[in-house]
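S.K.: After the structure tokens below, expect a handful of questions from me.
The values are calculated or read from the model by the stated rules, or taken from the named source; none is laboratory data. None of these values were measured; they are calculated from a predicted model. Heads up, the Cβs are rebuilt from the backbone with ideal geometry, glycines too, and the neighbour counts pull from every protein chain shown. Keep in mind that these areas ignore ligands, DNA and RNA; they rest on the heavy atoms of the full protein, side chains included. Shrake-Rupley method; radii C 1.70, N 1.55, O 1.52, S 1.80 Å.
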Amino acid sequence: MSIDFEHALNAEQLAAVQAPDGPVLVIAAAGTGKTRTLTYRVAWLVERGIEARRILLMTFTNKAAHEMLERATQLVGSAVGGLWGGTFHHMANRMLRRHAYLLGYKPDFTILDEDDAKGLVRACATELKLAGKEFPKADVLLSVFSFAANIEQPVRDLAEKRFSDHPVNVDEVLRVHEAYIARKRQLHAMDFDDLLVNGLRLFREHPDVLAHYEEQFEHILVDEYQDTNTLQAEWVDRLAARRRNLLVVGDDFQSIYSWRGANFANIMSFPKRYEGTTVFKLVTNYRSLPEILDLANACIAGNPEQFQKTMKATRTAHKKPVLVRLREGDSQARYVVERIRRCLRQGRAPTDIAVLYRAHFHAMELQMELTRQGLPFMVTSGVRFFEQAHVKDVCSLVRILVHGEDQLAFVRLLGLLPKVGEKTALKIFHKLGGKLDAADPEAAVKVERLLPEGAQPAWRKIAPIIAQFNAEKLTGDPGEIIFRFMAAFYEDHAVTCFDNHDRRIEDLQGLINFTTRYENAEDFLSEIALLTNLDAETEAPIEQQRPMIKLSSVHQAKGLEWPVVFLLWMNDGLFPSQRSLDDPATEAEERRLFYVATTRAKDELYLCVPELRRVREGGAMPCIPSRFITEVPNELFEEEYVGFI
């Protein structure tokens, strides 16, 4: 039984599915049926008589590959069974299993998962006598090595950039990298990045192998092409060079992962690299109300370097996005909670609602308000703001200064130092009589005398804060304690401990500003403790029994959709981020990120624009509305004013 393609697809999708042989670029806007189009393209090729084993379908997740293959099987049955489908890593592995001997590997080489790779890097650093809390941790080193591999840049260049303002010896980082490469060879092992690197090496260095696969694959299809990196793009280019039957699907408007190595130029340069490319655009959106699409279209038009397109809605007009002008972060949190309650009263399920933000610290006030009011929520990262490691780290100093008997805080604080584990920290705590007495001028000195020699230099960076705690009346300013701790010790510590240290430092700067609402450190700690205890009491059973409101960064929300979406802190310096404002290329990616954010909403979209933001210097700082708001016509919004007199 043949497929009625004309009935199953709209005109845009049908044209792409039935595209002629040769290079094809399908620009698929958000919510326009990209997966459906790729699936039907596979079915179309099979119905034309192309053997499934001669089709290669590249995706970015195994889940996407399975979904497309299942749908294709429903359309054409077992005829699709031999199709090669999966991620770039999966396909590279499949080829390397046959040909790895050409690169000096055994066919049964081991693939290191992330934990294995970290363990091997850690072992290399230990053997070189470099492992320790002042040297970058294994996952930080691995992130540098990985990024260098994926963008084909020297490790030295990236390490110098990463550690430029911090006391890390780049030559020592390179020694670990060389040892890691040698150990992998010794073990006949590859990590995930090696699969891509060696998959490309196979084609570069062995043209006979490349020729075999060029002959095998008559048609190559690539999903999410805007997210490809340099290695992946060249791998596909080499494989498609002979037949040129390459169809790539992507959306330049949703290219938001440059920080992971994705190269925006791959999709933009495709028609130039492939002369005679046929370009199709999918712009009929089945997801969002037309008013939401009007906003997304208007904002993304501010990026001139792109494939211009305008999404068209299939749904009827109903409600404009709401631009909510608020006094500050607390009123924003209260507004969002009240709106969520209204949605729930109107019959929405908690799972219908998402709150999105540019950075995790933007949701601090909201997480506290949701917890106070007993509304169940889930953070995409899985960890609520005040439960994140870096937040607990800096708060441990505040805790031990205010409550000297807090053994957990003492152990956590000392555990940040080199040569100090839990047992050592506990011994020191007991020798101090079960208390660090911040009122004692000799308190910090007493700790230093009990510390291992290797930990003492790091402690001397922290000790002055303890000495100043009472002398300068820091008891009333938890933000000042955290600020000094970061400047003296924790920023350097974060660089060596976290692969995303810049985002964690940004969180902590937001935390410092957040503390200004408290009269003193005691009040700050009391509220955090209360919220943490509420989480501990209710989180597990709630997650098991009740649906949850979703809180997510925009990056983590890509590919998802909800009937109701709130966007927090739509202010310049927050969204777009401060780092992007001086770089046109980065600002363009931030605008694409805003496009992704708005197009997650199906029915209701609320954009929150606070007027003030609490800051450590001066109490409150005026906030400028995001340029992504001000550069589009006012008539695209309904406006609400909340918290003004």
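S.K.: Short version: ³J(HN,Hα) in whole Hz for each residue of the stretch 479-494, in order, from phi by Karplus 6.51 cos²θ - 1.76 cosθ + 1.60 (θ = phi - 60°), x for Gly and Pro, what are they?
M.R.: Calculated HN-Hα couplings, in order: x, 5, 4, 5, 4, 5, 4, 5, 5, 7, 9, 6, 4, 5, 4, 5 Hz.
S.K.: Would you calculate, for the chain, the mean residue ellipticity at 222 nm contributed by helices, counting each DSSP H stretch of 4 or more residues as -39,500 (n - 2.57) and dividing by all residues, to the nearest 500?
M.R.: -15000 deg cm²/dmol
S.K.: Send over a whole-number figure in Å² for the accessible area per residue of the stretch 26-153, probe 1.4 Å.
M.R.: Here the per-residue accessible area is 44 Å².
S.K.: Could I ask something else about it? Between Asp108 and Lys446, what is the label-point separation in nm under the 7 Å Cα-to-beta-carbon projection?
M.R.: 6.1
S.K.: A follow-up question, please. Once neighbouring chains are kept in place and the probe is 1.4 Å, which whole percent of the accessible area of the stretch 287-355 is contributed by carbon and sulfur?
M.R.: Reported share for carbon and sulfur atoms: 46 percent.
S.K.: Of the DSSP beta bridges with both residues in the chain, give the percent that are antiparallel, rounding to the nearest 5.
M.R.: Roughly 10 percent of the DSSP beta bridges within the chain come out antiparallel.
S.K.: A further question on this structure: How big is the accessible area of Thr230 in square angstrom, nearest 10, if you roll a 1.4 angstrom probe over the protein chains?
M.R.: Thr230 has an accessible surface of roughly 50 Å² with all protein chains in place.
S.K.: Angle check, please: helix 389-402 long axis (alpha carbons) against the longest principal axis of the chain (alpha carbons), in degrees 0 to 90, nearest 10.
M.R.: Its long axis makes an angle of about 10 degrees.
S.K.: With every protein chain kept in place and ligands, DNA and RNA left out, what is the accessible area per residue of the stretch 250-363? Probe 1.4 Å, answer in Å².
M.R.: On the way: 4650 Å² over 114 residues.
Here the residues of the stretch 250-363 average 41 Å² of exposed surface.
S.K.: In addition: Grab the beta carbon distance between Glu491 and Glu561, set R0 = 25 Å, and tell me the FRET efficiency rounded to 0.05. Walk me through the numbers before you get to the answer.
M.R.: On the way: r = 38 Å, r/R0 = 1.51.
Rounded to the nearest 0.05, the efficiency is 0.10.
S.K.: Take Ala439, project a point 7 Å from its Cα along the Cβ direction, then tell me which residues of the stretch 458-494 have their backbone nitrogen under 18 Å from it.
M.R.: Zone members listed by number: 466-477.
S.K.: Give the shape of the stretch 140-245 as rounded, prolate or oblate, defined through the alpha-carbon gyration tensor: a ≥ b ≥ c are the square roots of its eigenvalues, a/c under 1.5 means rounded, and otherwise the shape is prolate if a/b is larger than b/c and oblate if not.
M.R.: Because a/c hits 1.5 or more and a/b exceeds b/c, the stretch 140-245 counts as prolate.
S.K.: What relative contact order, as a whole-number percentage, does the stretch 88-198 give when Cα pairs under 8 Å and 6 or more residues apart are counted?
M.R.: Once divided by the residue count of the stretch 88-198, the mean separation gives 43 percent.
S.K.: Quote the charge dipole size of the chain about the Cα centre in Debye, to the nearest 20; the model charges only the Cβ of Lys and Arg (+1) and of Asp and Glu (-1).
M.R.: It works out to roughly 960 debye.
S.K.: Now for a different question. Normalised by the number of residues in the chain, what is the relative contact order in percent for Cα pairs under 8 Å and 6+ residues apart?
M.R.: Reported as a whole number, the value is 18 percent.
S.K.: With every protein chain present, what accessible area does Thr380 have (1.4 Å probe, heavy atoms only), rounded to the nearest 10 Å²?
M.R.: Looks like 50 Å² after rounding.
S.K.: Here is a follow-up. Could the peptides 437-445, 356-364, 170-178 be put in order, highest first, of the mean number of other beta-carbon atoms found within 10 Å of their residues?
M.R.: 356-364, 170-178, 437-445
S.K.: Suppose accessible area is computed on protein heavy atoms with a 1.4 Å probe; arrange His390, His206 from highest to lowest.
M.R.: If we order His390, His206 from most to least accessible, we get His206, His390.
S.K.: Separate question: Quote the FRET efficiency, to the nearest 0.05, computed for Val209 versus Glu631 with a Förster distance R0 of 51 Å and r equal to the Cβ-Cβ distance.
M.R.: In this case the efficiency is close to 0.50.
S.K.: Next question. Full extension from Ser164 to Arg244: what is 0.36 nm times the residue separation minus their Cα-Cα distance, to one decimal in nm? Before the final figure, lay out the partial values.
M.R.: Details: separation 80, 0.36 × 80 = 28.80 nm, distance 4.38 nm.
So the chain would gain 24.4 nm between Ser164 and Arg244.
S.K.: So what does His90 come to for accessible area, using a 1.4 Å probe and Å² rounded to 10?
M.R.: Looks like 80 Å² after rounding.
S.K.: Further question on the same structure: Quick check: from the Cα gyration tensor, does the chain come out rounded (a/c under 1.5), prolate or oblate? Let's see the in-between values first.
M.R.: Values: a/c = 2.32, a/b = 1.34, b/c = 1.74.
Oblate is the answer for the chain, as a/c is 1.5 or above yet b/c matches or exceeds a/b.
S.K.: If Glu160, Glu6 are ordered by their accessible area, calculated over protein heavy atoms with a 1.4 Å probe, which sequence runs from highest to lowest?
M.R.: On the way: Glu160 85, Glu6 115 Å².
So the residues, ranked largest to smallest area, are Glu6, Glu160.
S.K.: Under 5 Å between amide hydrogens, which residues at least 5 positions from Ile111 or on another chain qualify, with H placed 1.01 Å from N in the peptide plane?
M.R.: Amide H neighbours of Ile111: Met190.
S.K.: What lysines does Lys133 reach when the alpha-carbon gap must be under 20 Å and sequence neighbours fewer than 8 apart in one chain are set aside?
M.R.: Lys118, Lys392, Lys419, Lys423, Lys427, Lys461
S.K.: Using the Cα atoms as the points, what is the convex hull volume per residue of the stretch 51-157 in Å³?
M.R.: Considering the Cα atoms of the stretch 51-157, their hull volume per residue is 146 Å³.
S.K.: Can you give me the % of accessible surface on the stretch 26-81 that is carbon or sulfur? Probe 1.4 Å, all protein chains present, nothing else counted.
M.R.: Working: 1100 of 2290 Å².
That share works out to 48 percent.
S.K.: Next question. Trp84's amide H: which non-local residues (gap 5+, or another chain) put their own amide H closer than 5 Å, with H modeled 1.01 Å from N in plane and none for Pro or chain starts?
M.R.: Ile55, Leu57
S.K.: For an R0 of 41 angstrom, estimate the FRET efficiency from the Cβ-Cβ distance between Asn10 and Ile151 and round to the nearest 0.05.
M.R.: Efficiency at R0 = 41 Å is approximately 0.65.
S.K.: Sort the stretch 138-194 into rounded, prolate or oblate with this rule: let a ≥ b ≥ c be the square roots of the eigenvalues of the Cα gyration tensor; rounded if a/c is under 1.5, and if a/c is not under 1.5, prolate when a/b is larger than b/c, oblate otherwise.
M.R.: It comes out prolate by the Cα gyration axes.
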